[in-house]
Amino acid sequence: MTLKSAAAIAAIVLVISVLTLHRLGAGDVCTGNEAVEGVFVQQMVEHGQLMFPVENGNVPMYKPPLFHWTAVAIDRLAGVRKVTAANLRLPSALYAIAGAVLIMIFAYEILGLDAAVLAGLALAGSYQYISQGRFGRVDMTLCFFETLSLLAFLRWLPRDATLSGREARFASNLPALYSLAAALGLGVLAKGPVGAILPGASIVIFMVAERRGRQILTMLDPGAIIVGGAIASSWYLACYFGGRFAFLNRQLDTENVGRFVGSLGAMAPWYYLKPVLLNSAPLSLLVPVAAVYALLSPIVTSSSATTDPNPASPDGGGRVAESDVGGVARSAVRLFAIFYFATVIFFSVAAYKRRSYLLPVWPAAALILAWWVLTIPPPAYRRAAKWTFAALCAGLVVFNFIYIPRSEVRTCRDDSFRPAAAEIARVVAPADPLYLYGFQEEAAPLLFYLDRDAPILDGRLDDAPPGFIILPAQVWKKHESEALDFEPVLTSDHGNRQLVLIKRGKSYASSPLHFSADRITALYLSQSTM
């Protein structure tokens, strides 16, 4: 790679870094999905519960811990001991940047500099890719390792489709096979079995479609199988031998089988029609078209198909050799197209659906789009197509830079529990019992900013134990007449979050470094009336 090529790729990486890191913590953590992961990261970073953290004292993790471990590693390296919105989201941003680097380097190697730049611009212009790169969830971690597994497979793949047995083994790249196994295992640790199922199924379909069925046996290297299996099963085995069966039940039954068969709810089979086409419009409108061309590439470009594996010009420029459509580039785009359609079909069949499930297709889609723009138009129009696509992506980059951070702040402006949690922390000492009552929504957004457990109470309010209780204002209004032993000590009204803090019995705070809860309450109330 020449200095010019490296500088061009680095410039795109810088753009994606700015898009994902700019004002990363400006928006509060206000959605249940992100806050749940934030609570588990808090348990790991702030309390050392690295293997089996629980939410609110008893709720096991919803997802495997690779995302959370990444957050812990980053915080340890940075000397951070407090989880905030910014460092909760930082792992997703870094995985997004790393995924873009992977796909751009691969595009450069098989199609040249123009393809690398266009693929990077496509990711930078993808609303879903950038917005999920700024969200503290496991999906970008899964996206990275699924992409890595596909790229490792293409590194391993023998160039000659007719080879088998020992010849295929010698013609393949054994370290890449072990990288594939490790990436599949890490994909499982990111979000469960789907992290290996979708890349693995796509690879098998590709091998059959390419008449490489006998080479599937070559992939079954015992060492690689052991490596992949050991990584994938490591945390699950720790749960089993540690007697953490609630974690296993949540992970394997509820979160995997339950979501697929519909025990957590069901959406219509056509649910993904709108997300597929519009999640990053207009790029997302082009992806299915380009993916179909990729599947049909031997037919579309049959007149120029050969097996030249090095299309890029020696000086690292953007020239694309049409002859490579039958070689590495053709194999790559066909595999990525299969992965794209396999992902959409798999999650369309599954009962429970979320838009973020489509995120892992974007690195593959970015390369498909770059290939499509550079190879499918007639030669006389390719330069115009390239610059038009680049200009389109540049406009989307500007939109993402301006709109996404502002949208994050605006969305949470009236729904954040952060102001209420700060007020409650001034009244309730850390040693005081604190409970929740009457919440009909996920409590994690409040727990994240309280940064402590607050067990949820059921039954009658007047049966509650001594201590402080947080409840929605409308619930307190409904039960106030029957809760004669309770005293309201704080009313918090911020946006859509109206909470009442009530108290029953004496404070349990015993540390001489803290005022009593009664004293703090009196001071707070006196200040609020001034």
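The values are calculated or read from the model by the stated rules, or taken from the named source; none is laboratory data. Nothing here was measured: the structure is a model prediction, and the numbers come from that model. In this analysis, Cβ positions are derived from the backbone assuming ideal geometry, glycine residues included, and neighbour counts consider all displayed protein chains. Only protein heavy atoms, including side chains, enter the accessible area calculation; ligands, DNA and RNA are left aside. Shrake-Rupley method; radii C 1.70, N 1.55, O 1.52, S 1.80 Å.
Sort out which residues of region 424-436 are out of contact with any helix residue (DSSP H, G or I) (no Cβ under 8 Å at 6 or more places or on another chain) and open to solvent by less than 80 Å² (accessible area, probe 1.4 Å), and write them in order of number. ALA431, PRO433, TYR435, listed by residue number.
Mind checking whether some residue in region 163-180 is aliphatic (A, V, I, L, M), outside any helix (DSSP H, G or I) and open to solvent by 10 Å² or more (accessible area, probe 1.4 Å)? The answer is yes, given that some residue of region 163-180 is aliphatic (A, V, I, L, M), outside any helix (DSSP H, G or I) and open to solvent by 10 Å² or more (accessible area, probe 1.4 Å).
Somewhere in region 324-340, is a residue farther than 20 Å from LEU157 by Cα and open to solvent by 10 Å² or more (accessible area, probe 1.4 Å)? No, region 324-340 has no match at all. Determine whether region 407-422 contains at least one residue that is over 30 Å from GLY120 (Cα atoms), in contact (Cβ under 8 Å) with a residue 40 or more places away in the chain, out of contact with any strand residue (DSSP E or B) (no Cβ under 6 Å at 6 or more places or on another chain) and surrounded by fewer than 14 Cβ atoms within 10 Å (Cβ to Cβ). Yes, because at least one residue in region 407-422 is over 30 Å from GLY120 (Cα atoms), in contact (Cβ under 8 Å) with a residue 40 or more places away in the chain, out of contact with any strand residue (DSSP E or B) (no Cβ under 6 Å at 6 or more places or on another chain) and surrounded by fewer than 14 Cβ atoms within 10 Å (Cβ to Cβ). Is it fair to say THR70 is open to solvent by 50 Å² or more (accessible area, probe 1.4 Å) and farther than 30 Å from ARG383 by Cα? For THR70, the condition - open to solvent by 50 Å² or more (accessible area, probe 1.4 Å) and farther than 30 Å from ARG383 by Cα - is not met. Would you confirm, using the coordinates I've provided, whether LEU148 is over 14 Å from the mean Cα position of the chain (by Cα), over 17 Å from ASN279 (Cα atoms) and surrounded by fewer than 24 Cβ atoms within 10 Å (Cβ to Cβ)? Yes. Exactly one residue among ALA281, ALA246, ALA230 is loosely packed, with under 14 Cβ neighbours inside 10 Å, hydrophobic (A, V, I, L, M, F, W, C) and in a helix (DSSP H, G or I), and that residue is ALA230.
VAL398 passes every criterion in (1) open to solvent by 50 Å² or more (accessible area, probe 1.4 Å); (2) touching a Gly at 6+ places or on another chain (Cβ under 6 Å); (3) at pLDDT 95 or above apart from (2). Within this structure, VAL45 passes the test of being farther than 17 Å from VAL101 by Cβ, in a helix (DSSP H, G or I) and in contact with an Asp or Glu (Cβ under 8 Å, 6 or more places away or on another chain).
Taking into account only those residues within region 360-387 that are among the basic types (Lys, Arg) and over 34 Å from the mean Cα position of the chain (by Cα), which is surrounded by the most Cβ atoms within 10 Å (Cβ to Cβ)? Result: ARG382.
Any idea which residue in region 437-457 is modelled with the lowest pLDDT, counting only those that are under 17 Å from VAL54 (Cβ atoms) and open to solvent by 40 Å² or more (accessible area, probe 1.4 Å)? Of everything passing the filter in region 437-457, GLU442 is modelled with the lowest pLDDT.
Restricting attention to region 4-17, does a residue exist that is over 17 Å from the mean Cα position of the chain (by Cα) and either in a loop (DSSP other than H, G, I, E, B) or closer than 30 Å to GLU255 by Cβ (or both)?
First pass over region 4-17, keeping only residues over 17 Å from the mean Cα position of the chain (by Cα): 4-15.
If we keep only those that are either in a loop (DSSP other than H, G, I, E, B) or closer than 30 Å to GLU255 by Cβ (or both) too, we end up with none.
Checking region 4-17: not a single residue is over 17 Å from the mean Cα position of the chain (by Cα) and either in a loop (DSSP other than H, G, I, E, B) or closer than 30 Å to GLU255 by Cβ (or both).
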